[in-house]
Amino acid sequence: MRVLVLARADITRNPEARALVRSLRSVGHDVTAVCGDAGTEALPDIALERVPVRRPSGWGRLGWLLRRIQPAKLRALLFDRALERVARSVDAHLIYPIGLQDLGLAATVATPEQAVMRKPHWPASGPRDIVDLAPKHVEYSSSAGGPPLPFHTPRDTRDGYVPAPGRHDGIRVAFVSHRTTTTPALYLESAAERAGMVVSRHDGRLDWSEVHPETAAVVFVESPYPAIEVAGANTDGVPTLFWVHHGEHHLAANLRLLEAYGAHAVLLAHSWHLAHRFPVPVHRFPFAVAPEIAARPQPFDQRVTDVAMIGAGVSGGGGRYSRRYDLVSALRRQFPTTSAFEYGVLPEEMCRLYADSKIVLNEGGDRHHPLTMRVFEATGAGAFLLTDPAPGLETLFPDDQYATVGADLASQAVALLADPATASRAAAAHRHAMQHHTYDHRIDELLAVAAHTQVFPSLPITVQSAMAALIGADPDVFDVAAFGYAGLETELATHVIWDGSDLLTRTPQRVVDAAVIGAEYAGEMALAAGRARRFVYAAATHRASLEEWAESRGGSAVEQFGGLLRLDLGADGYRLREPGHPLADQPLAGP
């Protein structure tokens, strides 16, 4: 794919833009960057077109005078027009604006043959928005490894059917995940057993010597961090799949895990516009209904709860769930005694609640565009799904079987409850889910993908310095403040590497996932470590000062790995909870 990276500012000075370019190049795309002319630095392996900010760019003394007296608005207009001309000259398939201020420019430049990428919290970029195009057009949801099988696309016209028990008798499959009470791996495993398959389960670790050579597929399931440990090598050439559950906010981690697990293809639950970011084939593989925990739906008119939702953020605003909290608050006011909004409920309890609810609200947060498990939990329970825009949902259910959240949610919910057609629409969605979207159906799709998957030798792991390897072992580290340790950006291709000395002078202060502290910053430990939210890495010679700083923060333990130190700050995130954690027995926060 030919990709245009577009920005008004100089992208060579932007660590996030540099990381994006490296990532796009690493999976085989042809990348061209067009940006404002503020420097002379190049970017490896890409064409870089610089556009002067002030025009005209020549004409000697006359040009100098015109540039000097030029009004700011005219200068900006001439600059944008010049950027547009250069951008249009690039024959790209996909345009990546770097900042929100560049999104409108990208939308203006895009032709009917091009698509525009955006971040999840940005507004839609118009008719060429890849987030909306990808579910409907396979060319925008294909990876550099080739097109997907035609599951869950407008071209998929298979009739619904009831998968027969034992239909895959004796076929072997292995599932690898961190086993929690809420992982969808549990339901996929159960569906495989109902199909008569021989299932092997691996909790948090896979030893390839324990995998039968005639296994049809090894499926790594995206799990809470840390990464799943892999021992040995796939010498028998077993097709290896990686089921990815999250979108943009876990993308960098999943790219690293894909390599670490040696996966030959990706099963992507949603966010199909991200397929081009992976180097291997990507297939659509949404969540589904788990029949073994689905409670028997109550008749619609006998359900006692008008509207319900189980999920993080329903009891407090802020962060990625601020919109969710606002929506839930409006419904609580409208339905003070007939609504149920909870978090920390086990799957069986959730299914019972939804089976006794008329409407289930679905909101996926602002960090990606998920087709959440809630879509299938609601429809599987026979409740009416009232959802925020979920790109791809229209390929899974007819659009008259659900509703999208409107401007006045409370009034919308009242109208739906008063409409006799709501019950029949919910019943139709339930039938459709059971005929097309159970985990029994997904097992058939999984085997089709495995049979279609080309097995290739594992790629050699890039040799890294000890510090780069230590940082790379923590999947949930994306942006790093490097205080010393020059060269990390070259070694950590999927990470955003900030110059630590620059961060110390920034206002407002920027906090990143991790700080790595070299010898020259030993005297500024508190300042440097204070920029990290998850981890601090340092040389072993800094142990006393790092432990002193850690003690001031509450006493977290400093671990030593050879000549290096790692301090886990215990930040909230998508990580396994240790025994004794107040929420250790409750479901992890999710969409």
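The values are calculated or read from the model by the stated rules, or taken from the named source; none is laboratory data. None of these values were measured; they are calculated from a predicted model. Here Cβ is always computed from backbone atoms with ideal geometry, including for glycine, and neighbour counts include all displayed protein chains.
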Quiz item: Out of (1) under 21 Å from Thr183 (Cβ atoms); (2) surrounded by fewer than 20 Cβ atoms within 10 Å (Cβ to Cβ); (3) modelled with pLDDT of 95 or more, the odd one out for Asp400 is which?
Solution: (1)
Quiz item: Mind checking whether some residue in segment 96-118 is at negative phi, modelled with pLDDT under 95, hydroxyl-bearing (Ser, Thr, Tyr) and surrounded by fewer than 20 Cβ atoms within 10 Å (Cβ to Cβ)?
Solution: no
Quiz item: When you go through Ala144, Ala174 one by one, which is the residue that is touching a residue at least 24 places away in the same chain (Cβ under 8 Å) and crowded, with 20+ Cβ neighbours inside 10 Å?
Solution: Ala174
Quiz item: Is it the case that segment 209-216 has a residue that's at pLDDT 95 or above, of a type in the set (Ser, Thr, Tyr) and part of a loop (DSSP other than H, G, I, E, B)?
Solution: yes
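Listed here are the residues, each with its yes/no results for (1) among the charged types (D, E, K, R); (2) crowded, with 20+ Cβ neighbours inside 10 Å; (3) over 27 Å from Arg374 (Cα atoms).
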| site | (1), (2), (3) |
| --- | --- |
| Arg179 | yes, no, no |
| Pro184 | no, yes, no |
| Ser190 | no, no, no |
| Val198 | no, no, yes |
| Arg201 | yes, no, no |
| Ser209 | no, no, yes |
| Val218 | no, yes, no |
Exercise. Would you check if Leu447 is under 25 Å from Phe175 (Cα atoms), surrounded by fewer than 21 Cβ atoms within 10 Å (Cβ to Cβ), out of contact with any Pro (no Cβ under 7 Å at 6 or more places or on another chain) and not hydroxyl-bearing (Ser, Thr, Tyr)?
Key: yes
Quiz prompt | Residues of segment 19-53 classified as surrounded by fewer than 17 Cβ atoms within 10 Å (Cβ to Cβ), among the hydrophobic types (A, V, I, L, M, F, W, C) and either touching a helix residue (DSSP H, G or I) at 6+ places or on another chain (Cβ under 8 Å) or at positive phi (or both), total | solution = 3
Practice problem: Pairs only if they're at least six apart or on different chains, beta carbon under 7 angstrom, first in segment 542-567 and touching a residue at least 12 places away in the same chain (Cβ under 8 Å), second hydroxyl-bearing (Ser, Thr, Tyr); list them, first residue then second. | Solution: Ala550/Ser556; Leu564/Tyr537; Leu565/Tyr537; Arg566/Tyr537; Leu567/Ser556
Exercise. Please report, ordered by residue number, the helices (runs of 4 or more DSSP H) entirely within segment 63-134 with at least 3 residues that are within 22 Å of Asn14 (Cβ to Cβ) and touching a residue at least 40 places away in the same chain (Cβ under 8 Å).
Key: 72-88, 100-109
Quiz item: Within segment 223-253, how many residues are under 23 Å from Asp513 (Cα atoms) and without any contact (Cβ under 8 Å) to a residue 40 or more places away in the chain?
Solution: 3
Exercise. Mind telling me which of the residues Ala263, Ala275, Ala308 ends up being in contact with a strand residue (DSSP E or B) (Cβ under 9 Å, 6 or more places away or on another chain), assigned to a helix (DSSP H, G or I) and touching a residue at least 24 places away in the same chain (Cβ under 8 Å)?
Key: Ala275
